[in-house]
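Engineer: Handing you this structure, nothing more for now.
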Amino acid sequence: METHTYHVNLNWIADRIGEVSSPELLDSIDVATPPPFPKGVDGVWSPEHFFTAAVNSCFMTTFLAIAENSKLEFKKFDCRAEGRLGKIDGKYRMTEIVLKPKLVITNESDREKAERILIKSESACLISNSVTSSIVLQPEITTD
């Protein structure tokens, strides 16, 4: 596979707030120090939110590709993620990301297949494979 490059720009706005953008994308997003830290800002995306979102969104896009290739029929997919920040050896780091996907499949007979695909998706996610945080998968599979 060839190398891909992604460009992200950051401009400081004021106080502890900046704006993230990319020449490849239409929207920009404000980013700030999160509330638990001194001068943190409520209601604005933080690097910790971005980190957790990167793992979660990569998991979803990987799942969609694998499910399509595996011909898994499903009606709904959503996933909550919890990023846990901790202090280890005197340094803050994102220690764990808990992924809680909810998958609604069309056929009960596909339950085991769906579970395998979810597990494979977490394992194949390139963002998960790029970070040192532990990734915990807690899937919920139902039929409709």
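None of the figures in this text is laboratory data; all of them are computed from the coordinates on show. All values derive from a computational prediction rather than experimental measurement. Counting neighbours? That spans all protein chains shown, and the Cβs are built from the backbone with ideal geometry, glycine included.
Engineer: For E82 and F37, compute 0.36 nm times the residue count separating them, minus their Cα-Cα distance, and round to one decimal in nm.
Structural biologist: 14.4 nm
Engineer: How far apart, in nm, are two points set 7 Å out from the Cα along the Cα-to-Cβ line at E68 and at E140?
Structural biologist: 2.7 nm
Engineer: Just want the ordering: D78, D42, from fewest to most Cβ atoms lying within 10 Å of their own Cβ.
Structural biologist: Least to most surrounded, the residues fall as D42, D78.
Engineer: Something else now. Give me the percent relative contact order of the stretch 1-134, please, defined on Cα pairs under 8 angstrom at least 6 residues apart.
Structural biologist: 18 percent
Engineer: Tell me which GluC sites (Glu not before Pro) from the stretch 1-41 have a DSSP coil assignment and no more than 14 other beta carbons within 10 Å of their own.
Structural biologist: Answer by residue number: E2, E24.
Engineer: With the contact rule set at Cα under 8 Å and sequence spacing of 6 or more, what percent relative contact order holds for the stretch 1-45?
Structural biologist: Once normalised by length, the contact order is 26 percent.
Engineer: Pick the calculated Rg/Rh (Cα atoms, Kirkwood Rh) for this structure from (1) 1.07; (2) 1.03; (3) 0.95?
Structural biologist: (2)
Engineer: Only helical DSSP H runs with n ≥ 4 go in: add -39500 (n - 2.57) per run for the chain, normalise by residue count and round the 222 nm mean residue ellipticity to 500 deg cm²/dmol.
Structural biologist: Only helices count here, giving -8500 deg cm²/dmol.
Engineer: Tell me, what HN-Hα J-couplings in whole Hz come from the Karplus equation 6.51 cos²θ - 1.76 cosθ + 1.60 at θ = phi - 60° for each residue of the stretch 13-20, using x for Gly and Pro?
Structural biologist: Running phi through 6.51 cos²θ - 1.76 cosθ + 1.60 with θ = phi - 60° gives 9, 5, 6, 10, 10, x, 10, 9 Hz.
Engineer: In degrees, nearest 10, range 0 to 90: what is the angle between the Cα axis of helix 47-69 and the longest Cα principal axis of the chain?
Structural biologist: 20 degrees
Engineer: Applying the Karplus parametrisation 6.51 cos²θ - 1.76 cosθ + 1.60 with θ = phi - 60° to the phi angles of the stretch 120-126, what ³J(HN,Hα) value in whole Hz is obtained for each residue in order, glycine and proline being reported as x?
Structural biologist: Values per residue, Gly and Pro as x: 5, 5, 5, 5, 8, 4, 5 Hz.
Engineer: Still on this structure, I have one more. Between the stretch 1-36 and the stretch 92-135, what is the C-alpha centre distance in whole Å?
Structural biologist: Cα centres, the stretch 1-36 to the stretch 92-135: 26 Å.
Engineer: Still on this structure, please answer the following. Would you please give the FRET efficiency between T132 and W45, computed as 1/(1 + (r/R0)^6) with r the Cβ-Cβ distance and R0 = 25 Å, to the nearest 0.05?
Structural biologist: 0.70
Engineer: When we measure straight from the Cα of K113, which lysines land under 27 angstrom away, once same-chain ones fewer than 8 places off are left out?
Structural biologist: K71, K75, K76, K100, K102
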